[in-house]
Amino acid sequence: MSDLNDPRVFFAAERTLLAWNRTSLTLLALGFAIERFGLFLHMLSPKNGELLQRGVSFWIGIAFMALGTVSAAAAIVQYRTVLRTLKPVEIPEGYRTNAGVYVNLVVALLGVALTVYLFHGPGL
């Protein structure tokens with residue numbers, strides 16, 4: 001439990017949550033770019049009529065997107081853990097503490113949806 005009685009502790013935790021949100025979005029975007037780059041290279045290859053094989057770029061891209069999704073979800077857990085250690089005086093009255101959690105949750109769910117779509121959807 002914190003003994004600082006200072007709302008800056010809460011705001012620091014929230015900034016950390018949002019920093020992890022940016023990190024997870026970056027990992028998702030990087031994974032998507034890597035996965036699609038492999039498709040682009042296949043389209044440029046002179047082998048017409050050949051079925052698209054899932055190569056290394058596909059698996060690396062999917063892994064980055066999964067990592068981004070997991071980091072968004074883990075950030076929520078970590079933030080909630082920190083919030084439980086704070087006293088009510090450290091959280092400004094009337095402040096909605098769950099806005100960042102909802103954003104991270106949406107990012108995690110959309111990351112799962114995108115990963116599943118790329119894994120099972122068209123593009124092969």
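The values are calculated or read from the model by the stated rules, or taken from the named source; none is laboratory data. Please read these numbers as outputs of a predicted model, since none were measured by experiment. Note: ideal-geometry Cβ built from the backbone for every residue, glycine included; neighbour counts use all protein chains shown.
Odds and ends about this structure:
- Subset tally (residues that are among the acidic types (Asp, Glu) and surrounded by 15 or more Cβ atoms within 10 Å (Cβ to Cβ)) for region 78-108: 1
- Tallying residues that are buried (at least 16 other Cβ atoms within 10 Å of the Cβ) and of a type in the set (Ser, Thr, Tyr) within region 18-38 yields 1.
- Residue match in region 13-26 (condition: at pLDDT below 95, small (Gly, Ala, Ser) and within 22 Å of Gln78 (Cβ to Cβ)): yes
- Near pairs, Cβ below 6 angstrom, 6+ apart or cross-chain, from region 9-22 (over 19 Å from Val106 (Cβ atoms) and of a type in the set (A, V, I, L, M, F, W, C)) to any residue that is modelled with pLDDT under 95 and outside any helix (DSSP H, G or I): Val9/Ser2; Phe10/Leu86; Phe10/Ile91
- Per-region count, region 96-115, residues touching a residue at least 60 places away in the same chain (Cβ under 8 Å) and outside any helix (DSSP H, G or I): 1
- Within region 113-124, the residues that satisfy the criterion of being of a type in the set (A, V, I, L, M) and surrounded by fewer than 16 Cβ atoms within 10 Å (Cβ to Cβ) are Ala113, Val116, Leu124.
- Scanning region 33-47 finds one or more residues that are over 25 Å from Thr81 (Cα atoms) and at pLDDT 90 or above.
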